[in-house]
Amino acid sequence: MPLFRATSPQGDATEYQAAHPEAVHLTAGWKLEELVTVEPAPDAPDPGPQPMYGGRRRLSKLEFIELMGDAAYVTILQLAKASIEVEAWVKKMELTTADSDGTSIDLDDPRTQAGVASIGTVLLGMGVVPADWAEGVLNG
Amino acid sequence: MADKYIIHGAAFYGDGTSSAEATSDGGVGAWNNIDIFSGATPTYGSLNAGDVVYIRSKTSGGADITVTLSAAITLGSASATLTNRITWIIDGGTVWSGINGVLTYLNPADAQRTVNLRIHNDYIAEKQDALAVVFSLTGGNQLTMFNAAAGGSYVKNIMIDWGVAVLSNGCRATFGASTFENLHVKAGRIAVAIFAMDNSGFQATFINPNVELFATPGAGAIFYTASYTSHLVVGGRISGIGATSGQTIVAGGDNGTVELIGVAYPNTMTLSSPRAGSIGRTTAYGADGKSSSAQITRGGLLDSRTDDNYPTLSAVLPDSASTPWSWKLYPEGATKPAPLPVSISKIYTDTAAAKTITVELLVANAFAGIDTQSVWLSGSYINTSGQTVVFDTRANAPGTALATSTAAWSATTYGAISLLKRKISITTPSAIKQDTQVTLRLSVAAKSASANDLLFTCPDVQLT
């Protein structure tokens, strides 16, 4: 049975199920809607996860950290205390000065991609991130 | 290729081939379920590439149709192809006389329930806003309400509405290589951008968009570029309480470009910042409703609005009021290799003679670093032999102070900024040929230390 929502000229809304809407709700001043639910088509393309920064490939250091996520970031800092290689990667990011546009990280830079992939392997092994974490970070 | 019809809520499920309601299931008559618009396979009849589907904008019972989203949804049919497109028309009375309703896709939850468009499908609402995508909560957490990143569509007269979402992190829409005509956006808080681009290398075209901003300015922008993307926006306007100081129109980077032709926006809005990523170029024409131009490059902003009290000198627009105008220069990102450029030209109509070319300037009195090395004139003219003669006034290091001027500017202040009269002159070494163009470029390599470090120049070059 259809579900209707009728909004009065004063803005008051009421919802009800009926085979047909009440006649008054079809008069001038009333807004009458039939509320419908539909199932997504089985072949609907999956648009995929939305890039966090609108597709931008150059980020600030803070944006890059946000992109990696808190769990990964905290774990990387912990790893840096025990691993010179990880510490070196963190230091390199810290020491990078921002370009005139305020960004420091280029997601298309091979060094960034290699670094994220490498640390992603470690984080995945520790169960901190899912298998597609590195891909997600590099996709923005 | 055929016309098909949907009347949601009709008693019987027809075969889609008639605008009348079917008298039995499978009989000749309209389909009776709006889910065909979102990809469901018709139970009777078929939807084929090349079809035009008319959707009655009210149910058979006379109600507007509101699809309440419980998940993301994709409008259109996968049967469409590049050469045999499927067109969806929300009818506004052409097929069903007197029926003028609204088909709404409503997200009532703070969850990602994006309305996506399929490639090769076209979406037309006969009446403005008759197809609407709406978010109804006051707070949204970076939701992508609408996604046309697949590209390849022509969309007309639709509305995207999150105007009530003035709290939290807001919403956005994403676009690809499609054309949107008369898109109406009601935006609350903006998450990244209203018009974001998720794919690289595409141009999205917007004709006469109507953008209403219901939230006070925040971090998001109106247009956001991605890698080598392009927004072409022709006509339309940006308005509302959010269309004011603090609201950026263009942001992003990665060499994307935005061109606004005849898009009206208030003079208090920030067009863009050269520091906003690595934007390729942003241009805006006619933002003041006249013939103003604005351009953002890496060097800074150039703007010629006539509704912001710029001091003027002798240049006038070719309108009935001979409206005075001038260029405002804000070299926010200027450097020696990338100065802020202004192109000026004038046709020389007197008899051939050597002339002194003078460009008049106003310079903010506190703007440091202005000299003959950081501000200079380059150009060319045609001599009486028809040859192009080039010249420039840029001093080798060190520069000296610009020449003072006594030109009769309309004012020597801009808001609280005091301005000094200056000029740059050069005498041509030979005669300028009559009725030839003198082409000039004023370059400013002095970088603004604050928003008060401005210059103005009169585009009416003096040839004396």
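The values are calculated or read from the model by the stated rules, or taken from the named source; none is laboratory data. Because the structure is a prediction, the values reported are computed rather than measured. Methodologically, a virtual Cβ is constructed for each residue, glycine included, from the backbone with ideal geometry; neighbour enumeration extends over all protein chains shown. Keep in mind that these areas ignore ligands, DNA and RNA; they rest on the heavy atoms of the full protein, side chains included. Shrake-Rupley method; radii C 1.70, N 1.55, O 1.52, S 1.80 Å.
Please work out, to two decimal places, the log10 of the ratio I(q)/I(0) at q = 0.14 Å⁻¹ from a Debye calculation in which every Cα of the stretch B:21-167 carries one identical scatterer. Result of the Debye calculation: -0.68.
With a 10 Å cut-off around each Cβ of B:292-304, the average count of Cβ atoms from other chains is 0.
Find the Rg to Rh ratio for the stretch B:281-323, where Rh is the Kirkwood radius over alpha-carbon pairs and Rg uses the same atoms. So for the stretch B:281-323, dividing Rg by the Kirkwood Rh gives 1.00.
Since only B:T83, B:G242, B:A63 are under comparison, the one whose Cα sits farthest along the positive direction of the charge dipole of the protein assembly as shown, derived from C-beta charges on Lys, Arg, Asp and Glu, is B:G242. What FRET efficiency would be calculated for the residue pair B:F391, B:A219, taking the C-beta separation as r and a Förster radius of 35 Å, to the nearest 0.05? FRET efficiency, B:F391 to B:A219: 0.15. Since only B:T351, B:A446, B:W31 are under comparison, the one whose Cα sits farthest along the positive direction of the charge dipole of the protein assembly as shown, derived from C-beta charges on Lys, Arg, Asp and Glu, is B:T351. Annotation: lysines with alpha-carbon distance below 18 angstrom to A:K91 (same-chain offsets under eight excluded): A:K61, A:K81. Contact-buried residues of the stretch B:49-63, at a threshold of 10 Å² lost accessible area versus the chain by itself: B:T59, B:G61, B:G62, B:A63 (1.4 Å probe; DNA, RNA and ligands ignored). As a calculated quantity, the FRET efficiency between B:S450 and B:T384 at R0 = 41 Å, using C-beta atoms, amounts to about 0.30. For the stretch A:15-34, a reduction of at least 50 Å² in accessible area between the chain on its own and the assembled protein chains (probe 1.4 Å) is found at A:E34.
Summarise the accessible area of the stretch B:323-452 (1.4 Å probe, protein heavy atoms) by the percent that is carbon and sulfur.
Details: 3060 of 6090 Å².
Of all accessible area on the stretch B:323-452, carbon and sulfur atoms account for 50 percent.
A Cβ-based charge dipole, computed about the Cα centre of chain A with Lys and Arg at +1 and Asp and Glu at -1, lands at about 480 debye.
Taking 51 Å as R0, compute the FRET efficiency from the Cβ-Cβ separation of A:T27 and A:K61 and round it to 0.05. The formula returns an efficiency of 0.25 here. Per-atom-type breakdown for the stretch B:203-314 gives carbon and sulfur 50% of the accessible area (1.4 Å probe, protein chains only).
Heavy-atom accessible surface of the stretch B:330-448, averaged per residue, reaches 47 Å², computed with a 1.4 Å probe.
With +1 assigned to the C-beta of every Lys and Arg and -1 to the C-beta of every Asp and Glu, and no other charges, what is the dipole magnitude of the stretch B:133-287 about the Cα centre in debye, to the nearest 20?
On the way: 7 positive and 6 negative charges, 32 e Å.
Once rounded to the nearest 20, the dipole reads 160 debye.
The contact between chain A and chain B removes approximately 2600 Å² from the accessible area (both sides summed; 1.4 Å probe; ligands, DNA and RNA excluded).
Placing +1 on the Cβ of every Lys and Arg and -1 on the Cβ of every Asp and Glu, with nothing else charged, gives the stretch B:328-464 a dipole about its Cα centre of roughly 100 debye. With a 1.4 Å probe rolled over the protein heavy atoms of all chains, the accessible area of A:E87, A:E34 falls in the order A:E87, A:E34, largest first. With Cα atoms defining each centre, the stretch B:35-73 and the stretch B:386-464 are spaced 62 Å apart in the structure. Note on the stretch B:139-214 and the stretch A:66-84: Cα centroid distance 35 Å, given to the nearest whole angstrom. The average projected area of chain A, computed from the convex hull of its Cα atoms over all directions, is 15.1 nm².
Hey, if you drop one equal point scatterer on each alpha-carbon of the stretch B:243-354 and run the Debye formula without solvent, what base-10 log of I(q)/I(0) do you get at q = 0.10, 0.11 Å⁻¹? Debye curve over Cα of the stretch B:243-354, log10 I(q)/I(0) at q = 0.10, 0.11 Å⁻¹: -0.34, -0.40.
Once the convex hull of the C-alpha atoms of the protein assembly as shown is built, how many Å³ does it hold per residue, rounded to a whole number? Intermediate values should be presented prior to the final figure.
Numbers: hull volume 125.9 nm³, N = 604.
Dividing the Cα hull volume of the protein assembly as shown by its residue count gives 208 Å³.
Neighbouring Cβ atoms from other chains, within 10 Å of the Cβ of residues in B:67-75, number 5 on average. With a 1.4 Å probe rolled over the protein heavy atoms of all chains, the accessible area of B:H120, A:H25 falls in the order B:H120, A:H25, largest first.
In the context of the full set of protein chains, residues of the stretch B:22-72 present 32 Å² of accessible surface per residue (probe radius 1.4 Å, heavy atoms only).
Given a 1.4 Å probe and every protein chain left where it sits, what share in percent of the accessible area of the stretch A:69-140 is carbon and sulfur? All intermediate terms of the calculation are to be shown ahead of the outcome.
Working: 2450 of 4260 Å².
Whole-percent figure for carbon plus sulfur exposure: 57.
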